[in-house]
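Structure, as structure tokens:
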Amino acid sequence: MRTEYTRQTRWGHDPEPVDEELVPPGSIYVKQVVWVPCTECDLQVHAALTQSVGSGLTCPECGGRLTSPRVLGNPDVAASRIAEVEEILRDGVEPGTPFLSAGDP
């Protein structure tokens, strides 16, 4: 799919650390991500949902503010809830099971 916002993509933050005891190499890993267009740079800025909700998004190219934090209280509480949902999603994926594509029943 090609739209006016798909010319370039960049991550809006450094990778989040992963605890190897919880997610050993080769295991299934689920991370919720979002993207926001920067119309000034013609860029898709990708970010982990925890980053987006907790601190908002800034364009890595021009430094423009793309979104504001969406947490009124403690961002750690929101990040914890997002991590719980990611764990539920990870546990719902069976290793070796192929993913359904859009046309599959």
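The values are calculated or read from the model by the stated rules, or taken from the named source; none is laboratory data. Treat the numbers as computed from the prediction; the structure is a model and nothing was measured. Don't worry about glycine lacking a Cβ; one is built from the backbone with ideal geometry, like all the others, and counts go over all protein chains shown. With ligands, DNA and RNA removed, areas are computed over all heavy atoms of the protein, side chains included. Shrake-Rupley method; radii C 1.70, N 1.55, O 1.52, S 1.80 Å.
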Can you tell me which residue in segment 7-38 is modelled with the highest pLDDT, limited to those that are polar (S, T, N, Q) and loosely packed, with under 12 Cβ neighbours inside 10 Å? 9
When residue 64 is run through (1) modelled with pLDDT of 90 or more; (2) surrounded by fewer than 12 Cβ atoms within 10 Å (Cβ to Cβ), the failure sits at (2)
If you check every pair at least six apart or on different chains, which have Cβ atoms under 6 Å apart with a residue in segment 22-36 that is touching a residue at least 24 places away in the same chain (Cβ under 8 Å) first and a residue that is of a type in the set (Lys, Arg) and surrounded by 13 or more Cβ atoms within 10 Å (Cβ to Cβ) second? 28/90; 30/90
Pairs returned, first residue in segment 54-68 that is under 19 Å from residue 15 (Cα atoms) and free of Cβ contacts under 8 Å to residues at least 40 places away in the same chain, second residue that is open to solvent by 50 Å² or more (accessible area, probe 1.4 Å) and among the small types (Gly, Ala, Ser), beta-carbon separation under 6 angstrom, 6 or more apart or interchain, are 56/68
